[in-house]
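Student: Pasting a structure below so you can have a look.
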Amino acid sequence: MDSARKGATRNISGTNHYHVLLEQELADLHGKESALLFTSGYVSNWAALGTLASCIPDCVVLSDAGNHASMIEGIRHSRAERHIFKHNDVADLERLLKHIDPDRPKLIAFESVYSMDGDIGPIREICDLADKYNAMTYLDEVHAVGMYGPRGGGIAEREGLMDRITVIEGTLGKAFGVVGGYITGTAALCDFVRSFASGFIFTTALPPAVAAAAAASIRHLKVSELERRRQRDRVAKLRRKLDAIGLPYMANQSHIVPVMVGDPKKCKWISDILMERYGIYIQPINYPTVPRGTERLRITPTPLHSDEDIDRLVTALSELWSQCALSRAVA
């Protein structure tokens, strides 16, 4: 009782009623048998990919070139054979799959929404290749859960593809507004990771209050479309305003609006002045997070941003763009 009260690892008296309820909510969200909680989205990717790829005998991992650092670290940690396919390039993925023994275990790791460019992975096409070449699939929905799909299950739910994914991973720290990460899949797979992942076994469980808050957030977003509809409206409004003043941004089908600066010093300066002079916080994204020459301000409007907030941001950007003598799109 004492260790449970103070907090402990999940496998040694650290599992609370609220952890169980949250895992049930997450499994239901993604249409899976089971779910497993971790302390963050980073840890869930690192631990799950590292465990699956290392403990499945002779497993080979095929990883999208744009995958998050946590996925890369997990795959690297596994020491399994790995191949990198060109970002969102199903032809390159198939080229690699063709050269792997059909009976060898294969795991394709990719994301739904890629956070820096805001582009969306070709989930259906990758699932088709997985079926054709007898491969498992691991989908990171971190930047999509809560925001896409009729119940907030992500892009795979929106596209009706959740049942075709072996493992769906997500976070509680973005749209759900709390902290933590998770994977969902079959009961056997989740129990396998629970039993062998050091990132699960040897760390303190999430506080029960956090688990309860996350479950409440998930339950709400399963039935409320208001927040998702409002965010889509905010994103569309921001893009229209940027178009009107000719500020270049990377076009995509997600909620992420990367405003392209293309100069690391100017990108940092604009970010600093936005905060100091206008009270607007937007983080500059420079190398090594993105390639040199593609420096940007990464904007993600929320449902709570007002018309006035967006107008103020666009006016400030326009003024700073002129001061930096940056080019604008030709109308």
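The values are calculated or read from the model by the stated rules, or taken from the named source; none is laboratory data. Nothing here was measured: the structure is a model prediction, and the numbers come from that model. Neighbour counts are summed over all protein chains in view; Cβ atoms, including those assigned to glycine, are modelled from backbone coordinates with ideal geometry. SASA here: full protein model, heavy atoms, side chains in, ligands and nucleic acids out. Shrake-Rupley method; radii C 1.70, N 1.55, O 1.52, S 1.80 Å.
Student: Within the stretch 313-328, is there a residue that is touching a Pro at 6+ places or on another chain (Cβ under 8 Å) and touching a residue at least 12 places away in the same chain (Cβ under 8 Å)?
Tutor: Start the filter on the stretch 313-328 by keeping residues that are touching a Pro at 6+ places or on another chain (Cβ under 8 Å), which leaves 327-328.
Then drop every residue that is not touching a residue at least 12 places away in the same chain (Cβ under 8 Å), which leaves 327-328.
Yes - at least one qualifying residue is present in the stretch 313-328.
Student: Right, here's the next one. For the stretch 37-51, which residues satisfy the criterion of being open to solvent by 10 Å² or more (accessible area, probe 1.4 Å) and in contact with a Leu (Cβ under 7 Å, 6 or more places away or on another chain)?
Tutor: Matches in the stretch 37-51: THR39 only.
Student: What pairs come out if I take residues in the stretch 77-93 that are of a type in the set (A, V, I, L, M) and pair them with residues that are open to solvent by 50 Å² or more (accessible area, probe 1.4 Å) and at pLDDT below 95 whose C-beta lies under 8 Å away, six or more apart or interchain?
Tutor: Close Cβ pairs (under 8 Å, with a partner that is open to solvent by 50 Å² or more (accessible area, probe 1.4 Å) and at pLDDT below 95) do not exist here.
Student: Something else about it: Somewhere in the stretch 59-74, is a residue open to solvent by 10 Å² or more (accessible area, probe 1.4 Å), of a type in the set (D, E, K, R), in a helix (DSSP H, G or I) and closer than 22 Å to MET162 by Cβ?
Tutor: no
Student: Select, from LEU297, LEU247, LEU304, the only residue that is open to solvent by 20 Å² or more (accessible area, probe 1.4 Å) and outside any helix (DSSP H, G or I).
Tutor: Details: LEU297 fails: open to solvent by 20 Å² or more (accessible area, probe 1.4 Å); LEU247 fails: open to solvent by 20 Å² or more (accessible area, probe 1.4 Å).
One residue alone meets the criteria, LEU304.
Student: Looking only at the stretch 151-169, filter to residues that are in contact with a Ser or Thr (Cβ under 8 Å, 6 or more places away or on another chain) and outside any helix (DSSP H, G or I); which one of those is surrounded by the fewest Cβ atoms within 10 Å (Cβ to Cβ)?
Tutor: THR166
Student: Follow-up. What's the total number of residues in the stretch 87-141 that are more than 16 Å from the chain's Cα centre (by Cα), closer than 19 Å to GLN253 by Cα and outside any helix (DSSP H, G or I)?
Tutor: Within the stretch 87-141, residues that are more than 16 Å from the chain's Cα centre (by Cα), closer than 19 Å to GLN253 by Cα and outside any helix (DSSP H, G or I) number 1.
Student: Mind checking whether some residue in the stretch 183-201 is in a strand (DSSP E or B) and closer than 17 Å to VAL113 by Cα? Explain how you work it out, then say what you get.
Tutor: Residues of the stretch 183-201 that are in a strand (DSSP E or B), as a first pass: 183-185.
If we keep only those that are closer than 17 Å to VAL113 by Cα too, we end up with 183.
The answer is yes, given that some residue of the stretch 183-201 is in a strand (DSSP E or B) and closer than 17 Å to VAL113 by Cα.
Student: Specify the residue that is surrounded by the most Cβ atoms within 10 Å (Cβ to Cβ); the eligible residues are those in the stretch 94-114 that are touching a helix residue (DSSP H, G or I) at 6+ places or on another chain (Cβ under 9 Å) and without any contact (Cβ under 8 Å) to a residue 40 or more places away in the chain.
Tutor: Filtering the stretch 94-114 for residues that are touching a helix residue (DSSP H, G or I) at 6+ places or on another chain (Cβ under 9 Å) and without any contact (Cβ under 8 Å) to a residue 40 or more places away in the chain, the one surrounded by the most Cβ atoms within 10 Å (Cβ to Cβ) comes out as LEU97.
Student: Go through the stretch 131-146 and give me each residue that's aliphatic (A, V, I, L, M), open to solvent by 10 Å² or more (accessible area, probe 1.4 Å) and more than 19 Å from ALA65 (Cβ to Cβ). Steps first, answer last, please.
Tutor: Taking the stretch 131-146 and keeping what is aliphatic (A, V, I, L, M), we get 135-136, 139, 142, 144-145.
In the following step, the residues that additionally are open to solvent by 10 Å² or more (accessible area, probe 1.4 Å) were identified as 135-136, 142.
The answer is MET136, and nothing else.
Student: Please work out if LEU37 is within 28 Å of LYS132 (Cβ to Cβ), touching a residue at least 12 places away in the same chain (Cβ under 8 Å) and touching a Phe, Trp or Tyr at 6+ places or on another chain (Cβ under 7 Å).
Tutor: It is false that LEU37 is within 28 Å of LYS132 (Cβ to Cβ), touching a residue at least 12 places away in the same chain (Cβ under 8 Å) and touching a Phe, Trp or Tyr at 6+ places or on another chain (Cβ under 7 Å).
Student: Still on this structure, please answer the following. Mind checking which residues of the stretch 265-294 are open to solvent by 60 Å² or more (accessible area, probe 1.4 Å), in contact (Cβ under 8 Å) with a residue 12 or more places away in the chain and under 16 Å from CYS324 (Cβ atoms)?
Tutor: Correct list: LYS266, LYS268, TRP269, ARG277.
Let's see how each residue does on (1) touching a Leu at 6+ places or on another chain (Cβ under 8 Å); (2) closer than 30 Å to LEU326 by Cα:
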residue: ILE165; (1), (2): yes, no
residue: VAL179; (1), (2): yes, no
residue: CYS190; (1), (2): yes, no
residue: ALA205; (1), (2): yes, no
residue: PRO208; (1), (2): no, no
residue: ARG232; (1), (2): no, yes
residue: ALA244; (1), (2): no, yes
residue: TYR249; (1), (2): yes, yes
residue: ASN252; (1), (2): no, yes
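Student: Something else: Please go through the stretch 189-243 and pick out each residue that is open to solvent by 50 Å² or more (accessible area, probe 1.4 Å) and among the aromatic types (Phe, Trp, Tyr).
Tutor: Passing the criteria: PHE192, PHE196, PHE202.
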